[in-house]
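The values are calculated or read from the model by the stated rules, or taken from the named source; none is laboratory data. None of the values given here were measured: they were computed from a predicted structure. When we count neighbours, we look across all protein chains shown, and the Cβ atoms used for this are built from the backbone with ideal geometry, even at glycine. In case anyone asks, the SASA skips ligands and DNA or RNA and just uses the protein heavy atoms, side chains included. Shrake-Rupley method; radii C 1.70, N 1.55, O 1.52, S 1.80 Å.
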Amino acid sequence: QFDGVIAIDGPSGSGKSSVSRRLATELGAACLDTGAMYRAVTLAVMRSGVSLSDTATIMKVIEGTRFEFGTNPADRYTRIDDVLVDADIRGPEVTGQVSAVSAVPEVRKYLITAQREIIAAAEHGIVVEGRDIGEVVAPDADLKIYLTADPAERARRRSSQDGSDLAATAADIKRRDTADAKTTRPHDAAPGAVVVDTTHLDLDQVLTALHELIAHGG
Ligand code: C5P
């Protein structure tokens, strides 16, 4: 039985979510989507109407909200005050604001603490996906992966997944990579991470590569 921590970092559209979920399923482990956590907090802040420069009030809103993140790969969910918000947090409004909310240092501190608590509570191992997992959240992870792919391929995957316009998706990915680079390092692998370029690999091939790395201790 696997009981370690696997960190999967990478930019948007690199395939992190599909890969993490399937890897966790195959290992019998939990999985945590930290992007969903930043998205949920962003939605709560947007709904409250508080200005992004008012850090103290932002933190009051967050601390007064109940967030739940399901970590079963067969049933991942996000709830805000008992209501499922998975569709809302992936909509264009939240996607447009999430980089700005994620850049607030107090927000990061709050979520990193929450992420470490979830990781510590995992009983049968956990796959954690995000931007700063291998470097900041779980630097002692048993295996660190940096998933990447050419920007054009990332845009193609995103738009075929959600039916969005290819050119608009490519522009949005570029904008978010640039914005995120101010707080995390979406373009760089964490120290000790194995780089997996998925541009020419399908999901099965990526999983095969990861299982090999796990079997050989990274
Ligand atoms: O992975 P996803 O695209 O859902 O992430 C949404 C946003 O959350 C990213 O664009 C980034 O601003 C933020 N994020 C972060 N650190 C993480 C995960 C996500 O800052 N570990």
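Return the whole-Å distance between the Cα centroid of segment 198-216 and the Cα centroid of segment 29-107. Taking the Cα centre of each part, segment 198-216 and segment 29-107 sit 30 Å apart. Can you figure out the FRET efficiency of residue 187 with residue 26, using R₀ = 41 Å and their beta-carbon distance, to the nearest 0.05? Efficiency computed from Cβ-Cβ geometry: 0.90.
Quick one: order 60, 182 from most to least accessible surface, probe 1.4 Å. The partial results should precede the final answer.
On the way: 60 145, 182 170 Å².
My answer, sorted largest first, is 182, 60.
Screening the chain for DSSP H helices whose Cα atoms reach 20 Å or more along their own axis and whose mean Kyte hydropathy is at least 1.6 gives nothing. DSSP finds beta bridges in segment 12-146, and of those with both partners inside it, around 60 percent are antiparallel. Sorted largest first, the principal axis extents computed over the alpha-carbon atoms of segment 116-218 equal 41, 31, 23 Å. With one equal scatterer per alpha carbon and no solvent term, the Debye-computed log10 I(q)/I(0) for segment 107-149 at 0.15, 0.30 1/Å reads -0.37, -1.23.
Per-residue packing, averaged as other Cβ atoms within 10 Å, sorts the ranges 187-195, 38-46, 127-135, 144-152 into the order 127-135, 38-46, 144-152, 187-195, beginning with the highest.
For segment 165-196 versus segment 126-151, the inter-centroid distance based on Cα atoms is 13 Å.
A straight Cα-to-Cα reach below 20 Å connects residue 109 with the lysines 60, 182, residues fewer than 8 places away in its own chain not being considered.
Note the full-extension length gain between residue 123 and residue 174 as 0.36 nm times their separation in residues minus their Cα-Cα distance, in nm to one decimal. Full-extension gain reported as 14.6 nm. Stretching residue 113 away from residue 2 to a fully extended chain increases their span by 37.6 nm, per 0.36 nm per residue minus the current alpha-carbon distance. Computed packing ranks the peptides 108-121, 22-35 as 22-35, 108-121, most packed first, by mean other Cβ atoms within 10 Å.
The slack between residue 75 and residue 166, meaning 0.36 nm per residue of separation minus the straight C-alpha distance, is 29.9 nm. Across all directions, the average flat footprint of the convex hull enclosing the Cα atoms of the chain is 11.2 nm². In segment 162-218, a dipole from Cβ-located charges (positive for Lys and Arg, negative for Asp and Glu) runs towards its positive end, and of 208, 189, 169 it is 189 whose Cα lies farthest in that direction.
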